[in-house]
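Working notes, structure below.
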Amino acid sequence: MRVASQAVTIATMLVAGIAPASAQTREAAKIDAAVKAAMARTGIKGLAIATIADGKPGFVSSYGARNVKSAPLETATIMYGASLTKTVFAYTVLQLVDEGKIDLDKPIAGMLPRPLPEYGNLDAYGNWGDLAGDDRWKTITPRMVLTHSTGFANFSFDEPDEKLRIHFAPGSRYSYSGEGIILLQFGLEKGLGLDLGAEMQRRVFDRFGMKNTSMTWRADFAANLADGWTAEGKVDPHDERGRVRAAGSMDTTIADMARFAAALARGEGLSAKARREMARAQLPITTASQFPTLQDPAPPAAQHQGVAAGLGVVTFNGPQGAGFFKGGHNDSTANTLVCVERGRRCVVILSNDVRAEAMFPELVKAALGEAGVPWGWEYPRLFGKR
């Protein structure tokens, strides 16, 4: 397979006067070679990658095709952010915490003028009416939402009867839930009167120069848009999402995500306390894997030691010390963001081919060295206990 590459070295390298034989250039060549080799071996259709060092973008490159017509995937191609949206949302929430607009540990119920079940089942948000008779919803806080410990399934439609319910005491353990993220969005919008899309645009996308990122579809995205490929190799057209969904409606580009990851590594826009909270191990994760959700704790031998919920990220400890990561997935999307705190270093990978997930360990290692990411917990089907 022919692999097209549009390697982009960020201008900061040029301004610094780094010679072609510099360590940065050698590192970029190493990553470039690793991506090309992995794509040639696996037949992955398209992938984009960016690195961050000392809180600044470094190597940003795109490879392969963005659609069935073999139009090249570019660093400015619009790609689906999927659940990386949750990390950007958490960053926005922490700005609101810094400003005293919300408290991580005060229940979301306190934001709302009416009891949550009285809002009924809303197509735009969630089946809150299903919670009538279970007062544990009153205890759910923003911290519980961002550590995925609300007690909800991922979404109510995952339940056998498609009814929303709380499965365990909120805050007691980790279980991934997009529905929980939507609950906090509901609190911010219905309780505080915020327009979440506008808040994220102003606080993150505009602030960091993410000109091709949005929480909803924009007509100008159509000119350079990535469709996707499923595990079976079928083409999956890019959705035009018209509703802000904090759990995963963001469209973005690898160039824009490099800007966000750099800001995240620096903690720009957050107080030092808020940035520490985001990447702090808040709640130990004792399940054998992230999915399926609502797992019971695994036997100690099957647990991934040192893995914990941060705020909008999952934290770990590895050979380079503390780090955190977040994935993004749908039937034709494979994304990951991995950061190590030492050296304020990150790598972001966006792929419009879900089969790229099998390449993540080798590509992250090429970019960051061995970081200790718990790949077996995130992708047990691919990596088992690794």
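The values are calculated or read from the model by the stated rules, or taken from the named source; none is laboratory data. Computed from a predicted model, the values in this text were never measured in an experiment. For neighbour counting, all protein chains shown are included, and Cβ atoms are generated from backbone atoms with ideal geometry for every residue, glycine included.
A single member of F221, F205, F152 is crowded, with 22+ Cβ neighbours inside 10 Å, assigned to a helix (DSSP H, G or I) and at pLDDT 95 or above, and it is F205.
Those strands (runs of 3 or more DSSP E) of the stretch 285-386 in which 1 or more residues are β-branched (V, I, T), touching a residue at least 12 places away in the same chain (Cβ under 8 Å) and over 27 Å from T75 (Cβ atoms) occupy 314-318. Taking residues in the stretch 157-170 that are not assigned by TED's automatic domain parsing to the domain that holds L283, and partners anywhere that are β-branched (V, I, T), the pairs with Cβ atoms closer than 6 Å and at least 6 places apart or on different chains are P170/T139; P170/I140; P170/T150. Among the residues making up the stretch 1-45, those that are touching a Leu at 6+ places or on another chain (Cβ under 9 Å), among the aliphatic types (A, V, I, L, M) and modelled with pLDDT of 95 or more are I31, A34, V35, A38, M39.
Return yes when D239 is surrounded by fewer than 23 Cβ atoms within 10 Å (Cβ to Cβ), assigned to a loop (DSSP other than H, G, I, E, B) and not assigned by TED's automatic domain parsing to the domain that holds G178 and no when it is not. Yes. Quick check, is P300 surrounded by fewer than 20 Cβ atoms within 10 Å (Cβ to Cβ), more than 20 Å from T51 (Cβ to Cβ), in the same structural domain as L47 (by TED's automatic domain parsing) and not hydrophobic (A, V, I, L, M, F, W, C)? Taking the combined requirement at face value, the residue satisfies it.
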